[in-house]
Amino acid sequence: MELIIGGCFQGKLDFALRKYGADRCAVTEGALPDRERLDEAALKGRVIVIDRLNVWIRDRLLAGGDPEEELRTFLEDVPDAVVICDEIGNGIVPADRFEREYRERTGRILVDLAQKAGGVVRVICGIGQKIK
Amino acid sequence: MVTLIIGGSGSGKSDYAEEYAVSRSGGGKRYYIATMRAGDRESLDKIARHRKARSGKGFITVEQPVSVEKAAEKTERFAKNEKTALLECISNLTANEMFSGEKPEPAGRTADRIVWGIGRLCRDFGNTVIVTNNVFEDGNRYGAATEAYMKAMGDINRRLAAMADEVIEVTAGIPAVIKGRKRDADR
């Protein structure tokens, strides 16, 4: 698994598409691919790219899900996925309890993914820096 | 040696700072200067989580929500070289100092007092490790009090970074040295 992080609109997805070739990537935005998409990607030899993981985390939290556990299970199944996530922790701690939890849990999920990842890239102004 | 460690929420900066302080301290005494005021359930949970993460790492906790310069008086009289302080964190300290009175204190005065207090603290410990927060990149507009707080934090961070021998930014648990000596891991 490779992790790509950085602020929003910094060119993270473009970075991944350049690296792996746009026509070789199967991209989902704010969602984990379902079984059907995974099978299709496997058949065509595509790289699974999950863009905006933070949006998926937020949706799962709002739905009362367990994003940490769901992601762990998913990555056991798809260990070569490229995971892209916005950096959302560099701001004033929100007054709203849910917003605080969303930021904190997203941050901790990223720490965990970074530990497991084969590589971590941080993108700013379209430029990727390999930090692991 | 003075080290400033910066990161966002959930960036893993605290865990990294603890490991860093332990490795710096060698066999010396380790003090954790805690600035969070216990209030609601959430802050109690957070304090409990941090305490659990620290347990077994040999830190003595000193509660110092304001006036950090006084923390040294609460520690034992060992030679300076044998004492390491981990101060966590500037965002709580700044909020406590700024918003303790009836009216928020002007940003400049809060910043001056905190930087002075930490300067004093650094004279009493052989190693001072300071944790601060990146609160500057969410692009939101806030009211005057919060913007004054952000201004104070920015000012404090810049002055502490100037004072520090080493400044490390933590992203997703991964450290990057942004000031100071490059270590083997970064070469």
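The values are calculated or read from the model by the stated rules, or taken from the named source; none is laboratory data. Everything numeric here is computed off the predicted structure, so don't read it as measured data. Note that we place each Cβ from the backbone using ideal geometry, even for glycine, and neighbour counts take in every protein chain shown. To get the accessible areas, we keep the full protein, side chains included, count just its heavy atoms, and leave off ligands, DNA and RNA. Shrake-Rupley method; radii C 1.70, N 1.55, O 1.52, S 1.80 Å.
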Residue list for segment B:77-102, filter: touching a residue at least 12 places away in the same chain (Cβ under 8 Å) and open to solvent by 80 Å² or more (accessible area, probe 1.4 Å):
B:Phe78, B:Lys80, B:Asn81, B:Glu82, B:Phe99
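In the set B:Gly119, B:Gly143, B:Gly139, B:Gly180, which member is out of contact with any Lys or Arg (no Cβ under 8 Å at 6 or more places or on another chain), surrounded by fewer than 19 Cβ atoms within 10 Å (Cβ to Cβ) and at pLDDT 95 or above? Break it down stepwise before answering.
Numbers: B:Gly143 fails: at pLDDT 95 or above; B:Gly139 fails: at pLDDT 95 or above; B:Gly180 fails: at pLDDT 95 or above.
Selected residue: B:Gly119, the only one of B:Gly119, B:Gly143, B:Gly139, B:Gly180 that is out of contact with any Lys or Arg (no Cβ under 8 Å at 6 or more places or on another chain), surrounded by fewer than 19 Cβ atoms within 10 Å (Cβ to Cβ) and at pLDDT 95 or above.
Can you say whether A:Gly65 is out of contact with any Lys or Arg (no Cβ under 7 Å at 6 or more places or on another chain) and either open to solvent by 50 Å² or more (accessible area, probe 1.4 Å) or within 14 Å of chain B (Cβ to nearest Cβ) (or both), as far as the supplied structure shows?
Working: out of contact with any Lys or Arg (no Cβ under 7 Å at 6 or more places or on another chain): yes; either open to solvent by 50 Å² or more (accessible area, probe 1.4 Å) or within 14 Å of chain B (Cβ to nearest Cβ) (or both): no.
No, not satisfied.
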Quick one: count up the residues across segment B:114-147 that are over 14 Å from A:Gly91 (Cα atoms) and within 12 Å of another protein chain (Cβ to nearest Cβ).
2
Condition broken by B:Glu63, with the remaining ones in (1) of a type outside the set (Val, Ile, Thr); (2) open to solvent by 30 Å² or more (accessible area, probe 1.4 Å); (3) more than 15 Å from the chain's Cα centre (by Cα) satisfied
(3)
Which numbered condition in (1) open to solvent by 10 Å² or more (accessible area, probe 1.4 Å); (2) in a strand (DSSP E or B) is the only one that A:Val120 fails?
(1)
If a residue must be part of a strand (DSSP E or B) and either of a type in the set (Lys, Arg) or open to solvent by 20 Å² or more (accessible area, probe 1.4 Å) (or both), how many such residues does segment B:3-33 contain?
3
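Consider B:Leu44 carefully, then state whether it is touching a Ser or Thr at 6+ places or on another chain (Cβ under 9 Å), of a type outside the set (Lys, Arg) and outside any loop (DSSP other than H, G, I, E, B). Walk me through it before giving the result.
Values: touching a Ser or Thr at 6+ places or on another chain (Cβ under 9 Å): no; of a type outside the set (Lys, Arg): yes; outside any loop (DSSP other than H, G, I, E, B): yes.
The answer is no for B:Leu44.
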Unique match (being within 30 Å of A:Leu113 (Cα to Cα), at pLDDT 95 or above and not in a strand (DSSP E or B)) among B:Ala185, B:Ala161
B:Ala161
Positions within segment A:1-23 being away from chain B (no Cβ under 14 Å) and either in contact with an Asp or Glu (Cβ under 6 Å, 6 or more places away or on another chain) or exposed (fewer than 14 other Cβ atoms within 10 Å of the Cβ) (or both), in sequence order:
A:Leu13, A:Asp14, A:Arg18, A:Gly21, A:Ala22, A:Asp23
Determine whether segment A:35-46 contains at least one residue that is open to solvent by less than 60 Å² (accessible area, probe 1.4 Å) and within 30 Å of B:Tyr149 (Cα to Cα).
no
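Rundown of residues vs (1) within 14 Å of chain A (Cβ to nearest Cβ); (2) farther than 20 Å from B:Cys122 by Cα; (3) small (Gly, Ala, Ser), yes/no style:
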residue	(1), (2), (3)
B:Met1	no, no, no
B:Ile6	yes, no, no
B:Gly12	yes, yes, yes
B:Ala17	yes, no, yes
B:Ala21	no, no, yes
B:Gly27	no, no, yes
B:Tyr32	no, no, no
B:Ala38	no, yes, yes
B:Lys46	yes, yes, no
